[in-house]
1. Round to the nearest 0.05 the FRET efficiency obtained for N66 and Q23 when R0 = 30 Å and r is the Cβ-Cβ distance.
2. What is the total of Lys pairs in segment 1-106 with C-alpha atoms under 19 Å apart, excluding same-chain pairs fewer than 8 positions apart?
3. Packing-wise, with mean Cβ within 10 Å as the measure, how do 60-72, 141-153 rank, highest first?
4. Return, ordered by residue number, the residues of segment 124-147 whose backbone nitrogen is under 13 Å from a label point located 7 Å along Cα→Cβ of E85.
5. When the Kirkwood radius is taken over all Cα pairs of segment 123-162, what Stokes-Einstein diffusion coefficient follows at 10 °C and 1.306 mPa s, in µm²/s?
6. Could you tally the net charge around V60, taking each other residue with its Cβ under 14 Å from the Cβ of V60, Lys/Arg +1 and Asp/Glu -1?
7. List the equivalent ellipsoid semi-axes of segment 1-64 in whole Å, largest first, each obtained as the square root of 5λ for an eigenvalue λ of the Cα gyration tensor.
8. Give me the accessible area per residue for segment 6-162, probe 1.4 Å, as a whole number in Å².
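The values are calculated or read from the model by the stated rules, or taken from the named source; none is laboratory data. These numbers were taken from a predicted model, which means no experiment stands behind them. Cβ placement follows ideal geometry from the backbone for every residue including glycine, while neighbour counts extend to all protein chains displayed. Accessible surface areas use protein heavy atoms only, side chains included; no ligands, DNA or RNA. Shrake-Rupley method; radii C 1.70, N 1.55, O 1.52, S 1.80 Å.
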Amino acid sequence: MERTLIVIKPDGVQRSLVGRLLQRFEDVGFKIVGMKMVWIDEDFAKKHYFDLAERRGEHVLNNMVNLMTEGPVVAIALEGVEAVENVRRIVGGTEPKSAAPGTIRGDFAHHSFAYTDSKDQGIRNLIHASGNSDEAKQELKLWFDEKELHSYKIDQEKHHGF
Ligand code: ADP
């Protein structure tokens, strides 16, 4: 049993996809243990993407800071079995063009890195999900106070063998 963070990015919120995206995680039995809408600032976006410049380059970080601060986002803490890996499977690959059909990024977007890079923009792939369990712990701490995360039972638990 594990907790992980997803963030519906400004493009997901502005396209009115919050309900449909969240439904996918509820459908497979994940439990929502925290949720809020926030409009983050540049400082917070840099904390969230603290190693992005190292991994993808300074220009990608700057573009993602612009994208993530252009409107409100919805941050959700999910709990379930091997949640980090399982949630990433549902989210799909970073580049929508190569994300598998059936995944969120494969089903709701199609842009390529080459296209967005040529326009000097961050790629709009709708949703963030923690990449590994250390990242999940750090990110949950950044986005949620202890008392904003809840322990409770959902009806589905007995059917999903929790
Ligand atoms: P992921 O979100 O799949 O874990 P990363 O953490 O590497 O991927 O990147 C963070 C976000 O930055 C991505 O979700 C995507 O929106 C954006 N991004 C990454 N690489 C590029 C790129 N080459 N061009 C434009 N945007 C990018």
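1. Working: r = 29 Å, r/R0 = 0.95.
With R0 = 30 Å, the Cβ-Cβ based efficiency is 0.55.
2. 5
3. Details: 60-72: 18.2, 141-153: 11.8.
Final packing ranking: 60-72, 141-153.
4. 132-133
5. Values: Rh = 12.8 Å.
Translational diffusion coefficient: 124 µm²/s.
6. Working: positive: K46, R55, R56, K119, R124; negative: D51, E54, E58, E95, D117, D120.
With Lys, Arg at +1 and Asp, Glu at -1, the neighbours total -1.
7. On the way: eigenvalues 130, 45, 26 Å².
The equivalent ellipsoid of segment 1-64 has semi-axes of 25, 15, 11 Å.
8. Details: 8500 Å² over 157 residues.
Ligands and nucleic acids excluded, the figure is 54 Å² per residue.
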